[in-house]
Every structure is written in structure tokens, then in C-alpha cells.
Amino acid sequence: MTYATVMVCLALDQPNDSRLQVAGELAERFEATVVGVAAAQFAPPLYFADGAAAQRLIDQEQASVKRCLADLEAEFHAATKTRGACAEWRCAMDFPARFVLAQARCADIIVSGGRSPAISDAFSLASPKDLVMQAGRPLLVVPDRTNWLDLRSALVAWKDTPEARRAVIDALPMLRKAKDVAIVEIPEASDDRTAVMAHVSDVAAWLARHGVTATARVPEAAGNETAAAQLERVAVDVGAGLIVAGAYGHSRFRELILGGVTEYLLTQSARCVLLSH
């Protein structure tokens, strides 16, 4: 398994340097085609106008969106021209999430930015939360201050769920290139620690059969510390440059309201995160 097509999702009014850098690096590592995608839609004003004035406003705003998309295309080509990979650009006057989700059919992995605002503008931004839930492809979330994909150490945040199993398979090409891989499960209060260790040991053995040497870890209970906080502590301890995890193993509503590991991974800004659902 490899990545033959890397798709990078660019956004209006957000920094795109980090995601372009990582997408280009992935394309080089795996000799893949890199596809840049962007979309935006004219946001109608909250006040009403009619006749020629309304049409003039619509024309001006649509022209502004087209200029922004042209700027993103130029940024994409400037970032990929020295990569030696085949590059392709796709854009549209459309809702970003709808357009990116449709184009995802041609990709093996989607690269997106992280730390989306609490309230996303559906006219100009494809939220990573929507992409990971609906794309049917793994999503690599790249923090804005990251300028390379650090595979010296990778951490697999394990939970015995279909989402986590899918994430490990989706991450195999990167895990094969990682120097150190740790499989970590954060046990819940009612869990049998021996059984939890058996889970992560099984995953480490499965990875070994795929050419990945990994160690199994189950942290000691940490009082009232959240699973996300415990995971962050382990990530710092192993120097993880990449975290691999299943997205929304619990219901998305529960994580959005109560918080959870997926919400933490989508908003932390220290390292790249590969998420699958």
C-alpha cells in the first residue's frame, strides 16, 4: 500500500504554507501526484437590495472570490513547482466542503489545516471536522506552525474501535517510514489493564507483520486527568511528530459537547495528526 495521490485542501483567509509544505513532502516521499483543491462561494449580505444595485453587488463579490481562488492557484503552483511531482489544480465557485468531498474520490489521503474556528464559515472554509466524517479518506491535519512531516517518532492512539483499525491501515505507508512507533491505549477506569495491554500488543504484532517495528504502551492511571491530557503527556514523552487515531469513536455529539480525544487532536497545534472515520 502507498499513497499515489495526495490532495491538499487550501483555504481562503488562512495560512496555507504548512499544509502545502507537508503535502509536497508526502508527494516526494511516495512519488505521488499532488492535487490542490479550493472552493468558495459568494456569501449573500444580511441586508436586501434589488435591481441593478443588487446585481452589481453580486458581480463584485463573485469577482472577488474568483481573484482569491486565482491567488490560491498561484500559491499552490509556486509551492509544488520544485517538488518534481505531478501537480494538478482544481477549484470552483462552490461551498468548500461540498467541493472538496466530491474531489476526494481521486485521492488516497487529504491534507488539511488544523485549528478551524469554533464557528466555521461554510462559504469559505471546509472544516476538518466535516472532511474527516464524510470524505471516506484519511485526513492529515497539519498545524499552521508545522513546516515538515516529522516521522522520527509516531504515536498510534489505539482504541478497539473500527475507526482506530481503519486509521492504522490508512497510516501504514507513513508508519513504515517512521523510525519509532508507539502503540498507546489510554485505559478507562473500568478497564482491565492486562486486557488493554493485550490489545496494543496485538496491534504491535500486526504492524510487525507489515514491516513496522512498534512498541506497546499502556500508561498508568492518572487520577482525574482526561484521556486527551494523558495522550498529550505520552506524545511529549516519545517525541511524537505524528499521531494516528480513529476519529469520533464515541458519538460526535458527545465529543463536541463534552470534549474528547478527537476534538483535542483537531485543535492541538504541536504535531501532525492522521485521522480516519
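The values are calculated or read from the model by the stated rules, or taken from the named source; none is laboratory data. Here the structure is a predicted model, which means the values were calculated and not measured. Positions of Cβ are backbone-derived with ideal geometry, glycine not excepted, and every protein chain shown enters the neighbour counts.
Restricting E31, E25, E73 to those that are on the phi > 0 side of the Ramachandran plot and not aliphatic (A, V, I, L, M) reduces the list to E31. Candidates are the residues of segment 36-56 that are aromatic (F, W, Y) and at pLDDT below 75; the one that is nearest to S18 (Cα to Cα) is Y47.
Take A39 and tell me if it is assigned to a strand (DSSP E or B), surrounded by 13 or more Cβ atoms within 10 Å (Cβ to Cβ) and either under 25 Å from the mean Cα position of the chain (by Cα) or polar (S, T, N, Q) (or both). Working first, answer last.
Values: assigned to a strand (DSSP E or B): yes; surrounded by 13 or more Cβ atoms within 10 Å (Cβ to Cβ): yes; either under 25 Å from the mean Cα position of the chain (by Cα) or polar (S, T, N, Q) (or both): yes.
Considered against the rule, which asks whether it is assigned to a strand (DSSP E or B), surrounded by 13 or more Cβ atoms within 10 Å (Cβ to Cβ) and either under 25 Å from the mean Cα position of the chain (by Cα) or polar (S, T, N, Q) (or both), A39 comes out as yes.
Counting only residues that are over 19 Å from Y248 (Cβ atoms) and modelled with pLDDT of 95 or more, which one in segment 99-137 is nearest to the chain's Cα centre (by Cα)? Residue satisfying both the conditions and the ranking: V111.
Pairs, please: C-beta under 6 Å, at least 6 apart or cross-chain, first residue outside the structural domain of W158 (by TED's automatic domain parsing) and in segment 213-242, second among the acidic types (D, E)? Pairs found: none.
Does C68 fit the bill of being over 24 Å from W148 (Cβ atoms) and modelled with pLDDT of 95 or more? Taking the combined requirement at face value, the residue does not satisfy it.
So, V273, is that one more than 18 Å from K159 (Cβ to Cβ), at pLDDT 90 or above and in contact with a Leu (Cβ under 6 Å, 6 or more places away or on another chain) or not? Working first, answer last.
Numbers: more than 18 Å from K159 (Cβ to Cβ): no; at pLDDT 90 or above: yes; in contact with a Leu (Cβ under 6 Å, 6 or more places away or on another chain): yes.
The answer is no for V273.
Filter segment 58-86 down to the residues that are in contact (Cβ under 8 Å) with a residue 60 or more places away in the chain and closer than 15 Å to E25 by Cβ, then identify the one that is surrounded by the most Cβ atoms within 10 Å (Cβ to Cβ). Walk me through it before giving the result.
Initially, segment 58-86 is screened for residues in contact (Cβ under 8 Å) with a residue 60 or more places away in the chain, giving 72, 75-76, 79-80, 85.
Going one step further and asking which of them are closer than 15 Å to E25 by Cβ, we end up with 76, 79-80, 85.
On the way: F76: 26, A79: 21, T80: 23, A85: 20.
Once the filter is applied, the top-ranked residue is F76.
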